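J.: Pasting in a structure now, in structure tokens, and then I'll have a few things to ask.
Nothing in this text is a laboratory measurement; each read-out follows from the coordinates by a stated rule. Only a predicted model underlies this, so the values are computations on that prediction, with no experimental measurement involved. Positions of Cβ are generated from backbone atoms using ideal geometry, with glycine treated the same way; all protein chains shown enter the neighbour counts.
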Amino acid sequence: ETLGNLCLKVLHLHAGLELDLKEQVLSHQALQEALNDPKNGDSAFKHLKQQASILGNMEKLHLLGPGRCFVEFGAGRGRLSHWVDVALQNVEDVQFLLVERATTRFKVDGKHKRKDSVFERLQVDIQHLCLKKVPILEKKKLPVVGIGKHLCGAATDLALRCLVESYTACCHGENEEPAPKRSRSDEAEMASNSYSDKECNKDDCKPVAGIVIALCCHHKCDWTHYVGREFFKSVGLGPVEFHYFQRMSSWATCGMRETTTKASTSEESEDQTNDPEEHDQTFSKTESGSDTFQGILTVEERKQIGYLCKLLIDHGRVEYLQQRGYKAALQYYTESAVSLENVLLTAVPSSSLKPEPAT
């Protein structure tokens with residue numbers, strides 16, 4: 001398809017859908033001391049602001065409480081779980097499951113000694129993770145809260161399927177084949193492998209209590225794993241359009257900047273590539289589309305189209321969750337000056353919604 005037709009499709013869909021996001025930049029007292037610490041540099045401060053807002057949004061959704069298992073997808077060092085634990089320091093019966101496929105250095109979860117919280121780390125690809133076979137969830141079956149900070153591309157879709165389909169299927173008595181995974185403990189792995197689907201039924205399984213994921217790297221999404229395919233098909237789009245929208249989404253953050261803005265490029269590189277908790281936002285010419293589309297659109301036009309492509313991909317995720325009984329929403333959880341990837345996906349079961357206090 002021509003670039004013009006693709007751009008027209010994006011603009012037409014944006015006009016027909018409610019894609020305007022509200023700002024939900026919040027904070028949490030658990031990070032106040034760290035935010036006020038002058039020893040933290042600019043990069044650390046940006047991460048702290050994002051983590052504080054994620055916790056603030058979790059609190060607003062009543063997800064910070066006792067008797068929960070917080071599953072952090074793409075956990076990296078485990079800093080988000082660390083701050084959730086700090087926020088729940090006086091709360092009993094809390095579990096943390098940190099999921100990361102890569103070997104991680106300088107982990108912070110191993111330093112936790114609080115007796116009321118349990119930390120376990122799984123080195124596994126999300127697509128191979130079956131939560132109902134994880135020993136700590138098998139043992140206590142606590143309601144799960146899925147969290148993630150900058151969960152990259154297709155990993156978000158895999159995490160949503162893991163929570164909403166694979167894990168929730170347990171509550172409906174559906175069987176599925178066991179998925180391979182690796183635990184840091186041989187004993188835990190043996191317990192996981194010996195777990196029987198028959199032990200899981202409607203009486204002893206709890207639903208997913210909530211989902212709070214900061215989104216990023218839409219250029220790394222994959223139609224095969226994308227949860228919003230039904231939405232795309234409903235508006236006359238398919239894998240071909242998804243492929244182009246996926247590529248064009250990179251324009252919103254870095255894909256087509258002016259080569260003369262060296263300072264801006266340097267700042268982005270420092271914020272994104274040198275910190276292990278952020279993702280590389282540099283692209284080849286082919287990946288960003290600069291060899292094909294350079295000179296056709298202005299920088300601002302490309303940024304706007306890229307932004308709308310990201311919103312369309314995320315809207316498909318929202319509809320996927322809504323169709324499965326969740327109240328799902330997208331919001332800006334931090335300023336673009338803090339992170340260009342500043343959209344937060346939240347979801348709670350519709351039945352668990354509490355009315356907002358009257359104003």
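J.: Report the full-extension gain for the segment Ala102 to Leu8: residue separation times 0.36 nm, less the Cα-Cα distance, to one decimal in nm.
T.: 29.9 nm
J.: Want the number for Thr224 to Asn90: 0.36 nm per residue separation, take away the alpha-carbon distance, what's left? Please report the intermediate quantities before stating the final value.
T.: Numbers: separation 134, 0.36 × 134 = 48.24 nm, distance 4.26 nm.
This chain segment gains 44.0 nm when fully extended.
J.: While we're on this one: If R0 is 41 Å, what FRET efficiency do you get for Glu335 and Ile296 from their C-beta distance, rounded to 0.05?
T.: Details: r = 30 Å, r/R0 = 0.74.
That pair, Glu335 with Ile296, gives E of 0.85.
J.: How many nm is it between the label spots at Ala15 and Phe45, if each spot is 7 Å from the Cα in line with the beta carbon?
T.: Taking the two extended label points, one gets 4.3 nm.
J.: Going by average Cβ neighbours within 10 Å, how do the peptides 30-40, 83-93, 238-248, 139-149 rank, with the highest at the top? Intermediate values should be presented prior to the final figure.
T.: Details: 30-40: 12.9, 83-93: 17.0, 238-248: 18.7, 139-149: 20.9.
The most tightly packed comes first, giving 139-149, 238-248, 83-93, 30-40.
J.: From the cross-link list Lys149/Lys220; Lys46/Lys310; Lys115/Lys140; Lys139/Lys327, which pairs have alpha carbons spaced over 25 Å apart?
T.: On the way: Lys149/Lys220 16 Å; Lys46/Lys310 22 Å; Lys115/Lys140 16 Å; Lys139/Lys327 28 Å.
Cα-Cα > 25 Å for Lys139/Lys327; rest within.
J.: Rank-order 336-343, 19-26 by packing density, defined as the average count of other C-beta atoms within 10 Å over each peptide's residues, highest first. Walk me through the intermediate numbers first.
T.: Numbers: 336-343: 18.1, 19-26: 14.0.
The peptides rank, most packed first, as 336-343, 19-26.
J.: I've got another one for you. With r as the distance between the Cβ atoms of Glu23 and Gln127 and R0 = 35 Å, compute the FRET efficiency 1/(1 + (r/R0)^6) and round to 0.05. Kindly include the intermediate steps, with their values, before the conclusion.
T.: On the way: r = 33 Å, r/R0 = 0.94.
Efficiency, from the Cβ-Cβ distance: 0.60.
J.: Would you kindly state how much longer the chain becomes between Gln322 and Lys140 on full extension, computed as 0.36 nm times their sequence separation minus their alpha carbon distance, in nm to one decimal? Mind dumping the intermediate values first?
T.: Working: separation 182, 0.36 × 182 = 65.52 nm, distance 2.77 nm.
Answer, rounded to one decimal: 62.8 nm.
J.: Mind ranking 123-136, 319-332, 211-224, 5-18 by how tightly packed they are, going by the mean number of other C-beta atoms within 10 angstrom, highest first?
T.: Values: 123-136: 20.4, 319-332: 18.4, 211-224: 22.3, 5-18: 14.7.
Per-residue Cβ counts within 10 Å, averaged per peptide and sorted highest first, yield 211-224, 123-136, 319-332, 5-18.
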